[in-house]
1. Quick one: which residues, 5 or more positions from residue D:75 or on another chain, have an amide H under 5 Å from its amide H? H modelled 1.01 Å from N in the peptide plane, none for Pro or chain starts.
2. Applying the Karplus parametrisation 6.51 cos²θ - 1.76 cosθ + 1.60 with θ = phi - 60° to the phi angles of region A:89-106, what ³J(HN,Hα) value in whole Hz is obtained for each residue in order, glycine and proline being reported as x?
3. Hey, how many Å between the Cα centroid of region A:94-127 and the Cα centroid of region C:39-82?
4. For residue A:66, which inter-copy label distances result when the label point lies 7 Å beyond Cα on the Cα-to-Cβ vector, reported in nm to one decimal and in ascending order?
5. With a/c under 1.5 counting as rounded, go ahead and sort region C:66-129 into rounded, prolate or oblate using the C-alpha gyration tensor (a ≥ b ≥ c being the square roots of the eigenvalues; past the cut-off, prolate if a/b is larger than b/c, else oblate).
6. For residue D:61, what residues show an amide H to amide H distance below 5 Å, using hydrogens built from the backbone and excluding near sequence neighbours?
7. I'd like the accessible area for residue A:73, computed on protein heavy atoms only with a 1.4 Å probe and all protein chains in place. Round to 10 Å², please.
8. Look at the axis of the rotation that sends chain C onto chain A, then give the chain C residue with the nearest Cβ and the distance in whole Å.
Number of protein chains: 4
Amino acid sequence: MEFTGAGALMMNSQTQRDWTSTVFRARYAETDQMNVVYYANYFVWFEIGRTEFCRQHGFAYRDMEEEDGLCIIVAEARCRYKAPARYDDEIEVRTALGEVRRRVLTFVYEVYRKADDMLLAEGETVHVITDLDGRPRALPEKYRDLLVASAGERAPEP
Amino acid sequence: MEFTGAGALMMNSQTQRDWTSTVFRARYAETDQMNVVYYANYFVWFEIGRTEFCRQHGFAYRDMEEEDGLCIIVAEARCRYKAPARYDDEIEVRTALGEVRRRVLTFVYEVYRKADDMLLAEGETVHVITDLDGRPRALPEKYRDLLVASAGERAPEP
Amino acid sequence: MEFTGAGALMMNSQTQRDWTSTVFRARYAETDQMNVVYYANYFVWFEIGRTEFCRQHGFAYRDMEEEDGLCIIVAEARCRYKAPARYDDEIEVRTALGEVRRRVLTFVYEVYRKADDMLLAEGETVHVITDLDGRPRALPEKYRDLLVASAGERAPEP
Amino acid sequence: MEFTGAGALMMNSQTQRDWTSTVFRARYAETDQMNVVYYANYFVWFEIGRTEFCRQHGFAYRDMEEEDGLCIIVAEARCRYKAPARYDDEIEVRTALGEVRRRVLTFVYEVYRKADDMLLAEGETVHVITDLDGRPRALPEKYRDLLVASAGERAPEP
């Protein structure tokens, strides 16, 4: 997967990816003494994007756990930083499904500064499905369908 | 500003209070763009002090919950800030029991910069004991004894 | 000052206080292993409310610092917890000016769960104005006017 | 780079890498409602490791900025999670220099649970050097020497 920022986003949006968007302001608590948002906080923002992605796809991210006795474990997380976010900036996190395999789920993220639609960061998180004892399990059909569904609905253009 | 802070500490130490001490460095992640440790993080530090206080009194703060089906709820938290903490400062949190009543527990805290033993902040947290359904309950004897015990052991008795 | 929760708010709203409101969702990162929002995070929420209060009163909270060479130091912070906030709850923080004295500024906060307008917490923060060397200074007239202004506009009803 | 955990560490230690170690306890504030340390906090732990690495190599990580008008920007961060950390676990972060190029610095990290020396996570961060206007700059010789020096001192001598 090769990203080239906003351009890549547009191409993706037009072709296969179904991006959801969440907007909020960078908090004072999130800054560090370099006057920018501390780098670990982007992963908190990814979580916000992930939550919103699931909500807009018809289910709560954590329902899987409660209703189906499954855990979604973060197996890997990665962020590439392009430009700093500052206190009180209006931030947009765009989230899309990267890959859905039997036991592995990938989300991708792009973080923008709303004021000028500048790409600040992009990243991905890889998740594996396990039962409550930590054994690998398959992602239930219903969630797979929900995750893929709306992308399908909006996608097909001959 | 009216304080009975460091003076009170000495008096307390000599008479009834049993202070425990925890030392760590201020983290970069804890600073904000004013170049000081963000004010909410002092309450995280209080929690570190509280954990250590219980450990040194012979039990794990959270065992009460797991073993006895009780919850220790934070009912109130308060901090007075005297001087800023900075990145990489060596910080000492001193923790003592404030009050132990049947259903209410109070801890008090003092935060020092190790380099010059400067008092940076002081605060307290008030906790209530409830069962898992949120109904008020009495603090079990064994914890009460442990909390008070070592203070008693070391306190002068005429 | 004696608070009695939502009732007090209504009375205050009707009489003298000018409350501003901010709404957001509780983040997964803000929960702890007790399944509720960690207590220190309410102070982060207060900061969000404070930022919004100033924005709605015509200035950015941090402009004072940059434009006037003044610092607004948090001197004291306090929170009383009434009921827990949970992951993904829609949270409303209502913020009002407590007191404006020459060198001291107090904000008061109420945190509600939007779903049932339940009061989760209330608190206050006390701020002092200093110059860049930490010496006490008076709050400039223009900020005092902005802070008090809109409350005055909406207040007087015989 | 293919990691296989503690084995890889030992091989690395014996051959070229100079690992520094930092030990601390997982904080209650760092847990989330899944009862484990929230994934973003590992990046905070990496920062602690990085700070300690530099301290043990004779300089403060942030001195570069203050003394030389340079910024060290995080360009990329990545973590692979192997097993969860829990509240009050004693955690060891081992940090080593990955690569030092003219304008790019890489640190690698391994996070262990002390109790059984279990590898919990491993990751890396990529940093670029810029001046205060954000233009790429070379890493000054003195820092390069300090970073590489002690590795050399302790490296095997034929």
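1. Hits under the 5 Å cutoff: D:126, D:127, D:128.
2. In residue order, the calculated couplings are 4, 7, 10, 10, 9, 9, 10, 9, 7, x, 9, 10, 10, 3, 10, 9, 10, 10 Hz.
3. Answer, in whole Å: 31.
4. 2.4, 4.2, 4.8
5. Working: a/c = 2.89, a/b = 2.37, b/c = 1.22.
Verdict is prolate for region C:66-129.
6. Result for residue D:61 returns D:55.
7. 60
8. C:24, 3
The values are calculated or read from the model by the stated rules, or taken from the named source; none is laboratory data. None of the values given here were measured: they were computed from a predicted structure. Using ideal geometry, Cβ is built from the backbone for each residue, glycine included, and neighbour counts are taken over all protein chains shown. Remember, those area values only see protein heavy atoms, side chains included, never the ligands or the DNA or RNA. Shrake-Rupley method; radii C 1.70, N 1.55, O 1.52, S 1.80 Å.
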